[in-house]
Amino acid sequence: MRRWSYIFQEAGNGLVRNLWMTVAVVLSVTVSLALFGASVLLRQQIEKATDDWVGKIEVSVYLCDDSNCPAITEDQQDQLREELEANPLVDEVFYESKEAAYANFLEYYADLETMAQNVGPDTLPASFRIKLVDPNDAAALRAQYEARPGVEQIVDQQEVIEQFLNLASTVRWAALAIAAIQMLAATVLVANTVRVAAVARRDQTQIMKLVGASNWYVRLPFILEGTLAGLAGAVVAWALLAFSVPYLLDTLQDSLPFVPFLTNAQVLGVWPWLVVPGLAITSISSTVALWGFLDV
Amino acid sequence: MISFEHVTKTYKTGRSDEVVALKDVTIEVDRGEFVFVVGPSGSGKSTFMKLLTREIRPDRGDIHVAGKDLNTLRSWKLPALRRDIGYVFQDFKLLTNKSVYENVAFALEVIGMPASVIDARVPEVLELVDLTAKADAKPHELSGGQQQRVSIARAFVNQPPILLCDEPTGNLDPQTSIGIMKLLDRINRTNTTVVMATHDQHIVDSMRKRVIELSHGVVVRDQARGVYGYAN
């Protein structure tokens, strides 16, 4: 008990004695871990949205209504429907009338008045919404039906989603790269701080070694000093994410009501991704900084 | 307790230049002996002391201290060696932010002694060095002689079988030095081996203990109940 109280007390004293250095270490660990945590959350968000979308992905077969091509006849429409239903690639077929399309549109874009004003009940085409057995077969389906009379356009939602996912993944890699650079800076800063602390208390460690204190007893306070700063950085980074991310997601949810966003509990659950790397990096960096330096 | 057998230590001072600090030194010190190690600066006294605590290692020869072969001693066992040796410095090396009591207790705390042992041993050793009244004083409030007695208390509080003193009176006036020597003599009578490196002729002459004289890394004299002598 007494040993640990000594070790923690020494580490705490060191942090206070070197207050501004400690602040610099904590801030730099905070920035890198917050970025890292953000990229972890972004990845979880992408996975969550993708899981949700994969089940709902549809291929829309828009039908001609005289605006761009001659309107589809009832016979053509019935035949198209029968063929689609018989197609082995197709799981399910729904018909969305012009009225239904308009109603859905109004529901999605309820708060965007200018868009609603430019779209009338007649603007949007009717369509067949097709769920595929395998969403990757969209191109094959399109090739089969694109040239059919009465078919205006076939849109694969997966392409739209993929564009979005590509963008999200670029953002994520950028965040990871900056986090890595910042983490490197934090590592060097921790190592330097720990060394400065060890030099400042050289008289004490010299006595400890001569009276026969074990290597770890001499070193642990300094290593702990770096590690505590790392833990503090992780906690601050977690607090930053816990406050800002739910707020950001709330704002996004308003404009993207159909996207499933991470829940608050899921955001808070990012803490192991902050604490584990935070502790690992600062403890390794402190240990390496003292390598051979405080040897008996 | 301490044995050197044909120990040689050289320092490299340049690419091909070497200084021989100790040359084929063989010394035997028994338990409970009091030994002065004398000789001018550069004679090898410091090297001798550093070899004993294995701060440095010899080029050749065997060193045994407190039953341990220092050539084969694993580095993780060094703390055990250091616990068998109390070390007293010329410049005291007290921690300025700690009181007399805390400085002495520190030596036991950092080797993981339980509080009950610390609470018993520290007042005892402060009594021995006659500093009970100054237990709460900080080092800067003490005279040089008092500070050296704190340093001795710290070295001896763990009751090591060996006490190494590196010029312990080097910073003290003759009157104060006599007090320190009386203290070391008292410790020696508890069957503690005392090895003291010194320049102080008066002290060596007045104590009449064993004297080992080094010159250019060689033992030129090893005399029971000796005197300082080399200046003459």
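Structure notes:
- Placing a label point 7 Å from the Cα of A:Ser67 along the Cα-to-Cβ line, the residues of the range A:91-106 whose backbone N sits under 18 Å from it are A:96-106.
- Comparing A:Ile161, A:Ile72, A:Ile178 in a Gaussian network model of chain A (Cα springs below 10 Å), the most mobile by mean-square fluctuation is A:Ile72.
- When the Gaussian network model of chain B links Cα atoms closer than 10 Å, the mean-square fluctuations of B:Ile187, B:Ile85, B:Ile56 top out at B:Ile56.
- Per-selection Kirkwood Rh - the range A:55-157 (Cα, Å, 1 d.p.): 14.4 Å
- Here the scattering of the range A:167-230 is modelled by Debye summation over its C-alpha atoms, one equal scatterer each and no solvent; at q = 0.23, 0.25, 0.28 Å⁻¹ the log10 of I(q)/I(0) is -0.93, -1.01, -1.11.
- Table column - 3J(HN,Hα) (Hz), the range A:169-174, Karplus curve with 6.51, -1.76, 1.60, x for Gly and Pro: 6, 4, 4, 5, 5, 4
- The share of C-alpha pairs in the protein assembly as shown whose separation exceeds 33 Å stands at 62 percent.
- Positive contributions from Lys and Arg (+1) and negative ones from Asp and Glu (-1), summed over other residues with Cβ under 13 Å from the Cβ of B:Leu128, come out at +2.
- Potential extension, A:Gln79-A:Asp250 segment - 0.36 nm per residue separation minus Cα distance: 57.0 nm
- Sequence-distant contacts, meaning Cα pairs under 8 Å at least 6 residues apart, place the relative contact order of chain B at 28 percent.
- Residues A:Glu58, A:Glu85, B:Glu55, arranged from fewest to most other Cβ atoms within 10 angstrom of their Cβ, appear as A:Glu85, B:Glu55, A:Glu58.
- Choice from A:Ala242, A:Ala265, A:Ala38 showing the highest fluctuation, given a GNM over chain A with Cα pairs closer than 10 Å: A:Ala265
- 0 to 90° range, to nearest 10: angle between helix A:2-17 axis and chain A longest Cα axis: 80 degrees
- Charge context of B:Phe106, other residues only, Cβ under 10 angstrom, K/R +1, D/E -1: 0
- Inter-chain shielding of B:147-159 (mean C-beta neighbours from other protein chains, 10 Å cut-off): 1
- Average partner coverage of B:68-79, which counts Cβ from other chains inside 10 Å: 2
- Here A:Glu83, A:Glu10 are placed in order of increasing Cβ neighbour count within 10 Å, fewest first, which gives A:Glu83, A:Glu10.
- A Stokes-Einstein calculation at 37 °C with viscosity 0.692 mPa s, built on the Kirkwood radius of chain A over Cα pairs, returns a diffusion coefficient of 137 µm²/s.
- Shown here for the range A:239-296: chymotrypsin sites (Phe, Trp or Tyr not before Pro) in loop regions (DSSP other than H, G, I, E, B) with at most 12 other Cβ atoms within 10 Å, namely A:Phe258, A:Trp291.
- For the range B:59-74, 3J(HN,Hα) per residue [Karplus equation, 6.51 cos²θ - 1.76 cosθ + 1.60, θ = phi - 60°, Hz, x = Gly/Pro]: 6, 9, x, 10, 10, 10, 10, 6, x, 10, 7, 5, 6, 9, 5, 6
- Other protein chain C-beta atoms within 10 Å of residue C-beta, averaged over B:104-117: 4.
- Couplings for the range A:232-248, taken from phi via the Karplus curve 6.51 cos²θ - 1.76 cosθ + 1.60 with θ = phi - 60°, read 4, x, 5, 5, 5, 4, 4, 4, 4, 5, 4, 8, 7, 5, x, 5, 4 Hz in order; Gly and Pro are left as x.
A short reminder: the numbers here are calculations on the coordinates, not readings from a lab. Values in this document were obtained by computation on a predicted structure and should not be read as measured data. A quick note on method: Cβ atoms are made from the backbone with ideal geometry, for glycine too, and the neighbour counts reach across all protein chains shown.
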